[in-house]
Amino acid sequence: PRKNLTTSNHLRHVESMAHLPSGAGRITRLNALILGEALASEEDDLVFPSEDFSSQAHVSSPQKYLEMYQRSVHDPSGFWSDIASEFYWREKWGQQVYHENFDVRKGKIKIEWFKGGITNICYNCLDRNIESGKGDKTAIYWEGNEPGLDSSMTYNQLLARVCQLANYLKDVGVHKGDAVVIYLSMLMELPIAMLACARIGAIHSVVFAGFSAESLAQRIIDCRPKVVITCNAVRRGSKIIYLKEIVDSALLESAQKGIVTDVCLTYENDSAMKKEMTKWTKGRDIWWQDVILKYPVTCDVEWVDAEDPLFLLYTSGSTGKPKGVLHTTGGYMVYTATTFKYAFDYKPTDIYWCTADCGWITGHSYVTYGPLLNGATVVVFEGAPNYPDVGRCWDIVDKYKVSIFYTAPTLVRSLMREGDEHVSRYSRKSLRVLGSVGEPINPSAWRWFFNVIGDARCPISDTWWQTETGGFMITPLPGAWTQKPGSATFPFFGVQPVIVDEKGVEIEGECSGYLCVKRSWPGAFRTLHGDHERYETTYFSAFPGYYFSGDGCSRDKDGYYWLTGRVDDVINVSGHRIGTAEVESALVSHPQCAEAAVVGVEHEVKGQGIYAFVTLVEGVSCSDDLRKSLVMVVRNQIGAFAAPDKIHWAPGLPKTRSGKIMRRILRKIASRQLDELGDTSTLADPTVVDQLIALADR
Ligand code: 6R9
């Protein structure tokens with residue numbers, strides 16, 4: 001049942017959407033809906049914002065969006081300078097607001113925004129908000145893994161804590177441009193550490209605390225940090241994870257490769273583990289609590305150029321080596337702040353909770369920077385959403401009166417399976433806006449999120465974006481227009497998405513193809529650390545003239561965008577990007593594995609699951625123990641979240657005569673779509689396909 005559906009609402013939106021520009025929201029066939037007839041397809045399933053919501057929204061109608069959108073693409077300099085001027089700049093940027101070369105055929109890819117502008121993002125998050133009277137406002141509510149364990153911090157207190165750490169980092173020799181690796185769970189100290197680095201112009205590289213020692217070592221070797229920040233252990237659900245031990249092995253491994261880290265600053269998380277129990281390397285390891293409190297609570301800001309690097313965040317690509325995505329300061333600041341404000345219709349009275357971990361881009365842009373730049377109150381949650389029970393999220397929502405709740409489809413699906421009663425026993429009255437990120441949200445999960453969690457009251461911002469884009473690219477603006485469950489709707493200000501065919505030719509109107517972006521936007525990444533060439537070949541060479549996202553996409557008759565998932569060798573498991581090549585190289589490092597090929601398969605909760613075809617070394621036979629030990633290798637080399645869901649024993653793999661594995665066939669076998677295998681005659685040995693099918697359920 002569609003609530004909030006009134007004829008007057010309908011007509012208002014239909015009329016106004018009809019004026020959207022080409023590609024953006026032209027509604028033509030609404031008669032069926034207006035007459036209340038059955039919906040022909042998902043594309044015709046519409047959810048209308050309520051008058052109440054729209055009338056108070058920052059962007060209250062399609063026309064308002066259109067005016068702003070058109071200005072943002074016709075006059076990007078004017079549009080973004082006006083917004084940037086709301087921040088503090090020590091010195092204003094130069095004559096040219098932005099500079100871009102998006103076309104490999106015209107030379108080196110280069111993106112610059114606000115070059116010459118001198119600023120500091122930590123100053124803009126904290127000092128600027130304090131100066132405007134928000135010093136006593138709560139910046140962070142921290143909720144621990146165990147219910148009842150919590151704390152909070154005002155903007156004044158947060159600034160003091162950030163300054164103490166910043167002073168310490170300077171004292172141990174961290175200078176502007178130096179890297180600092182942060183390997184922490186969702187403690188208050190994680191955003192504090194990010195902000196402290198930003199304050200002194202150091203480049204932070206947060207590594208998700210679910211990554212293994214080997215993955216951490218790989219990242220340490222790549223960015224050579226002066227300091228690694230961690231804690232001794234964390235509780236997550238009913239488990240304890242010994243982070244410091246993982247860091248110890250990573251530091252050992254990187255030292256063996258000649259990369260020595262001088263300082264390992266360790267926070268004593270005494271709710272998980274006592275100091276005395278922690279293994280210690282004298283001279284290198286320092287307890288956070290022993291040193292930080294001695295430092296002054298004020299710290300001068302290192303003023304940096306808008307184009308000075310802010311952080312590196314590693315992400316999976318289609319080769320085994322993770323890519324160090326580099327974001328710079330000024331454009332990222334303006335972009336995350338603006339997207340946060342509009343896509344969540346943020347108001348100063350909101351309490352905002354994003355369930356993402358700061359180890360991923362969502363935690364960078366929308367736990368730390370975007371919200372704090374807006375002076376928002378943010379909930380930081382250490383624990384697991386199903387601990388001690390599956391009602392925990394709504395318990396937290398009620399406890400802090402959360403009004404904006406931003407999460408991933410995988411969590412929505414997993415809670416949906418548990419039943420509505422775990423939701424309905426909580427009030428959730430404070431909720432106003434919901435958000436989704438990480439993977440496409442299927443319409444049924446969208447409906448459940450909307451009807452059950454949000455009581456059919458709260459618009460859902462299904463935000464499509466990537467580590468590389470820094471902030472939202474295609475997203476609903478709550479209240480501005482009609483939503484379609486499962487569609488990310490329309491581009492954000494300044495974003496010009498295009499859909500191209502295999503030849504890189506732009507397709508207009510209703511179509512599907514590869515999602516690219518035509519022009520730069522302030523939050524775009526500027527390079528891959530130490531490998532500008534890979535940046536150009538991965539993102540700008542597939543379809544010259546465009547940034548290629550790696551995602552497939554379609555645009556419907558009304559101009560709505562529908563993301564369909566990765567088209568490269570990347571699997572999206574619970575919203576985490578995992579390169580098939582990384583999993584394969586972990587598997588083949590097992591002494592009994594001769595060859596491996598990994599594909600993604602549909603998974604009810606995780607979105608995609610990891611399905612591995614494994615060929616064993618001559619003479620080795622398959623067994624359950626071997627299966628377990630193969631999974632173990634992946635857990636140890638990448639992290640538990642990358643563990644294969646299925647190991648399929650493969651006497652051989654389908655290969656072309658030139659030796660290329662035909663993944664298309666493997667995907668069909670993995671999803672048991674055996675009548676859709678297609679042409680197998682070009683295979684070097686077509687009989688392997690039958691052998692694989694025969695072994696499918698062994
Ligand atoms: C923010 C983030 C990026 C990939 C991206 C796409 C998928 C993210 C999505 C979505 C459909 C959405 N993705 N949000 N697909 N609808 N709302 O997740 O960054 O970890 O770099 O992943 O995630 O496939 O290409 P990242």
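Values quoted throughout were computed directly from the atomic coordinates according to the rules given, and no laboratory measurement underlies them. Just so it is clear, the structure is predicted and the values come from calculations on it, not from any experiment. Heads up, the Cβs are rebuilt from the backbone with ideal geometry, glycines too, and the neighbour counts pull from every protein chain shown.
Worth pointing out:
- Annotation: the residues GLU51, GLU143, sorted from fewest to most other C-beta atoms within 10 Å of their own C-beta, follow the order GLU51, GLU143.
- For the range 523-563, the direction-averaged projected area of the alpha-carbon convex hull comes to 3.9 nm².
- Between the range 248-294 and the range 649-685, the C-alpha centres lie 48 angstrom from each other.
- Of MET188, MET632, the sequence from fewest to most neighbouring Cβ atoms within 10 angstrom is MET632, MET188.
- At 1.002 mPa s and 20 °C, Stokes diffusion of the range 390-523 via Kirkwood alpha-carbon radius, µm² per second: 133
- Alpha-carbon centroids, the range 540-610 and the range 380-444: separation in whole Å: 26
- Extension reserve of the SER424-GLU42 stretch, reckoned as 0.36 nm per residue once the Cα distance is removed: 134.8 nm
- Translational diffusion coefficient (Stokes-Einstein; Kirkwood radius from C-alpha pairs) of the range 340-465 at 4 °C, 1.567 mPa s, in µm²/s: 90
- Debye, to nearest 20: dipole size of the range 614-661, +1 on Lys, Arg Cβ, -1 on Asp, Glu Cβ: 260
- Euclidean distance of C-alpha centroids, the range 463-506 and the range 112-164, integer Å: 30
- Taking 37 °C and 0.692 mPa s as conditions, the chain diffuses translationally at an estimated 125 µm²/s according to Stokes-Einstein applied to its Kirkwood radius (Cα pairs).
- For the range 92-226, the share of DSSP beta bridges that are antiparallel, to the nearest 5, is 70%.
- Zero-based 10 Å bins, Cα pair distances in the range 277-403, whole percents: 10, 26, 32, 26, 5
- Judged by the ratio a/c of the largest to the smallest principal axis of the C-alpha gyration tensor, the range 464-544 counts as oblate, that ratio being 1.5 or greater while a/b is no larger than b/c.
- Hull volume in cubic angstrom per residue (convex hull over the Cα atoms of the range 371-433): 96
- Cα-based convex hull, the range 104-245, per residue volume (Å³, whole number): 163
- Dipole-positive endmost among CYS299, ALA57, TRP521 within the chain (Cβ charges, Cα centre): CYS299
- With N the number of residues in the range 297-351, Rg(Cα) / (2.2 N^0.38 Å) evaluates to 1.57.
- Peptides ranked, highest mean first, by Cβ atoms within 10 Å: ranges 559-572, 269-282, 388-401: 559-572, 388-401, 269-282
- Set of lysines with alpha-carbon distance to LYS660 below 21 Å, sequence-local pairs under 8 removed: LYS321, LYS668
- Within the chain, percent of DSSP bridges classed antiparallel, to nearest 5: 60
- Gyration tensor verdict on the range 655-698 (Cα atoms; rounded if a/c is under 1.5, prolate if a/b is larger than b/c, oblate otherwise): prolate
- Sorted fewest first by neighbouring Cβ atoms within 10 angstrom, SER520, SER365, SER72 come out as SER72, SER520, SER365.
- For the range 622-698, alpha-carbon Rg over 2.2 N^0.38 Å: 1.22
- When the range 491-572 is described by a simple charge dipole with +1 on each Lys and Arg Cβ and -1 on each Asp and Glu Cβ, the residue from SER512, PRO491, PRO544 located farthest towards its positive end is PRO491.
- DSSP assigns beta bridges within the range 234-388; of those with both partners inside it, close to 60 percent run antiparallel.
- Helix-only mean residue ellipticity at 222 nm for the chain, each DSSP H run of n ≥ 4 adding -39500 (n - 2.57), per residue, nearest 500: -8000 deg cm²/dmol
- Cα-centre dipole for the range 42-96 with unit charges at Cβ (Lys and Arg positive, Asp and Glu negative), debye to 20: 600
- Of the residues ALA196, THR329, SER72, the one whose Cα sits farthest towards the positive end of the charge dipole of the chain is ALA196 (charges of +1 on Lys and Arg Cβ, -1 on Asp and Glu Cβ, taken about the Cα centre).
- For the chain, a crude dipole built from +1 on the beta carbon of Lys and Arg and -1 on the beta carbon of Asp and Glu, taken about the Cα centre, is about 520 debye to the nearest 20.
- Tensor-based shape of the range 40-107 (alpha-carbon gyration tensor, a/c under 1.5 rounded, otherwise prolate or oblate): oblate
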